[in-house]
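Okay, so here's the structure we're looking at.
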Amino acid sequence: MRKVWDKYSYAILLIILSCSVAFILSLRFNSEVEETYLTITVSEGDSLWKISNQYFGQHSYSNDEFVSWVKHHNEIDGDIIYPGEEIMIPVNYEVGTITEYASAAGE
């Protein structure tokens, strides 16, 4: 065992250090951004794709993933949404910031 340690001690320490740093960074970055859900009211002419583009900087999904998520969580079977319908969408926010989302539904 001593020969193995003498020969590979730098590699073993590097692997342990790398794993530790990766673990610490994953905890740090996962805790800063949380996914929340925003309920919006569909307006005339809206589509799931248009809503995805409208909230582009506020979610971490591609447009296809966003549309699939919204369809699944709102139990929408087809591609049609209707004006006045309320749907839940995923948005991200950084912990400690306050953003007013309620006014976006009435615009």
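The values are calculated or read from the model by the stated rules, or taken from the named source; none is laboratory data. Everything numeric here is computed off the predicted structure, so don't read it as measured data. No Cβ is skipped: glycine too gets one built from the backbone with ideal geometry, and neighbour counts run over all protein chains shown.
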Within region 53-79, work out how many residues are touching a residue at least 24 places away in the same chain (Cβ under 8 Å) and either of a type in the set (Phe, Trp, Tyr) or surrounded by fewer than 13 Cβ atoms within 10 Å (Cβ to Cβ) (or both).
5
If I ask for residues that are among the β-branched types (Val, Ile, Thr), modelled with pLDDT of 90 or more and under 13 Å from THR36 (Cα atoms), which ones from region 71-105 would you list?
ILE89
Cβ pairs under 9 Å, 6+ apart, first in region 4-25 and on the phi > 0 side of the Ramachandran plot, second of a type in the set (Val, Ile, Thr) and outside any helix (DSSP H, G or I)
none
